[in-house]
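Inspection log for the structure reproduced underneath, given as structure tokens.
The values are calculated or read from the model by the stated rules, or taken from the named source; none is laboratory data. All figures in this text were calculated on a predicted structure; none of them were measured in a lab. We place every Cβ from the backbone using ideal geometry, glycine too, and count neighbours over all the protein chains shown.
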Amino acid sequence: MPDRLPPLTALRAFDAAARHMSFAKAAEELHVTPAALSFQIKSLEEHLGTQVFHRLNRAVELTEAGRAMAPGMADGFQTLAAAWRAAERTLDTGTLTVTAGPAFTAKWLAPRLYDFAQAHPEIELHFSASLKMVDLNRDGVDVAIRFGTGKDEDMFSKLLAMEWVCPVMTPELAAQYRTPESLKDAPLIFDDSIVNLRPSADWSTWFRMMGIDFAPTHGARFSQADHAVDAALAGMGVTLGRRSLVVKDMHDGRLVAPWPNALDTGVRFRFLCAEGAETRAHIAAFLDWMIVEIDKTSYITDRMIRKPSSDFQAA
């Protein structure tokens, strides 16, 4: 059997018909007549030497050969489309698509974006607040800001900042709770988004670091880190704030960390893009801006006494 492929138009017609299971709908998608699409399918079948569709009265069904071919054809056309979009993005320096986690987007990016927009009015920013793993080419994303410890292979990866957590509260609450021991009586806020960090970086671990035998379980619990920070800003209680989400509020005086004792989570934020894309003007401008913004609050990080949380695990 020859390995020569049939014409691309015939393969495209088959892919559309297999997805819709309708020649009429496939023809509509491809902007051709049903007769033209049927002709392309027939030419593919002649090339293959067997039918790929059973023609019924009001429908079509894939044959065994059609079922064998359909998944690969769908993947192939998706790959072609992604490659085309990637090529188009190399020509577009006026639009920047960024994905980051919802909490980081809300607490770090959003409050600072006005400054970037003022400095770079020629760049139109598009944001996707999501934690899902992305394929930069397939999903049409230029930059991904990711939080974790995994390896970033086959792409450009720039370490932005390490993440630590420490108790933060409003200045009013700080006046009431002046010692780490006094937090045993304070309304504590739990950020459940960090409970799965290993090693642990929770309230029990922080109290152990401070030499206090206390393992709190009672308090308001939030599944999203930014919601826990918002509750602390509202004066609801004291939360273990993640560096990236609280440094601006600490810088502006809305939150305070009375004791410079932080748990180093070992987790880091990284700036990710396709290998080589970091030199493109709009991506390089965004990366440079992020580094400058991080440096503005580096004095807060510098004064924190960070202890690896693994040093304070329960025996």
Given the conditions (1) touching a residue at least 24 places away in the same chain (Cβ under 8 Å); (2) closer than 28 Å to L272 by Cα; (3) among the aliphatic types (A, V, I, L, M), and given that L44 satisfies all but one, which numbered condition is not satisfied? (2)
Taking the options L197, L188, name whichever one is over 28 Å from the mean Cα position of the chain (by Cα), under 30 Å from P260 (Cα atoms), surrounded by 18 or more Cβ atoms within 10 Å (Cβ to Cβ) and touching a residue at least 24 places away in the same chain (Cβ under 8 Å). L188
Have a look at A103, A68 and point out the one that is within 30 Å of L160 (Cβ to Cβ), among the hydrophobic types (A, V, I, L, M, F, W, C) and not assigned by TED's automatic domain parsing to the domain that holds A225. A103
Residue selected from segment 98-151 under the condition more than 17 Å from D226 (Cα to Cα) and among the hydroxyl-bearing types (S, T, Y), by the criterion surrounded by the fewest Cβ atoms within 10 Å (Cβ to Cβ): Y114
Any idea how many residues of segment 18-34 are surrounded by 15 or more Cβ atoms within 10 Å (Cβ to Cβ), within 17 Å of A70 (Cα to Cα) and out of contact with any helix residue (DSSP H, G or I) (no Cβ under 6 Å at 6 or more places or on another chain)? 3
Within segment 149-160, can one find any residue that is in the same structural domain as W289 (by TED's automatic domain parsing) and among the β-branched types (V, I, T)? yes
Scan segment 176-189 and tell me whether some residue there is outside the structural domain of M236 (by TED's automatic domain parsing) and aliphatic (A, V, I, L, M). no
Identify, please: which residue in segment 216-255 is among the hydroxyl-bearing types (S, T, Y) and outside any strand (DSSP E or B) and is, among those, modelled with the lowest pLDDT? T217
Enumeration of residues in segment 140-185 that are more than 26 Å from A234 (Cα to Cα) and either free of Cβ contacts under 8 Å to residues at least 24 places away in the same chain or among the aliphatic types (A, V, I, L, M) (or both): V141, V143, A144, I145, G150, K151, E153, M155, L159, L160, A161, M162
Residue ID - nearest to the chain's Cα centre (by Cα), chosen from residues in segment 256-306 that are part of a helix (DSSP H, G or I) and of a type in the set (K, R): K296
State whether the residues of segment 47-59 include one that is closer than 18 Å to A277 by Cβ, outside the structural domain of H227 (by TED's automatic domain parsing) and surrounded by 15 or more Cβ atoms within 10 Å (Cβ to Cβ). no
